[in-house]
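The values are calculated or read from the model by the stated rules, or taken from the named source; none is laboratory data. Keep in mind that this is a model prediction, so the values were computed, not measured. Here the Cβ positions follow ideal geometry from the backbone for every residue, glycine too, while neighbour counts run over all protein chains shown.
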């Protein structure tokens, strides 16, 4: 496996240990392909860039972009605002995780997030932008 792949695996392992009530995976699947009632976090690599490109260090010391997708499903009769609350709870979990992150991933930062805007009820999702800066 590559250094980038190893890093993704490490983040997945640490996130799963910190959030045992959630499913943590690296396999992004559609809502219909898995049960999302417990909440699912999926880590997806989104490329790398920003290399220093100094002589002898070409394509080194870049920033890996990571997308963390959170998916949750609530009951059919739930209010759309409850979906939004569940999404925001997932975002808060990730913020808490990052504040307490171990030294092995101290370079991991959250740069923003998007959410369903209540449009997919009873499903909810968040897309959290992360960067691992070398």
Among the listed residues 100, 121, which satisfies the condition of being in contact (Cβ under 8 Å) with a residue 60 or more places away in the chain and touching a helix residue (DSSP H, G or I) at 6+ places or on another chain (Cβ under 8 Å)?
100
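Determine, yes or no, whether residue 75 is crowded, with 16+ Cβ neighbours inside 10 Å and within 18 Å of residue 39 (Cβ to Cβ). Don't jump to the end; show me each part of the working.
On the way: crowded, with 16+ Cβ neighbours inside 10 Å: no; within 18 Å of residue 39 (Cβ to Cβ): yes.
No, not satisfied.
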Residues of the range 80-116 being loosely packed, with under 12 Cβ neighbours inside 10 Å and over 28 Å from residue 13 (Cβ atoms), which ones?
81
Would you confirm whether any residue within the range 57-80 is modelled with pLDDT under 95, in a helix (DSSP H, G or I) and touching a strand residue (DSSP E or B) at 6+ places or on another chain (Cβ under 8 Å)?
no
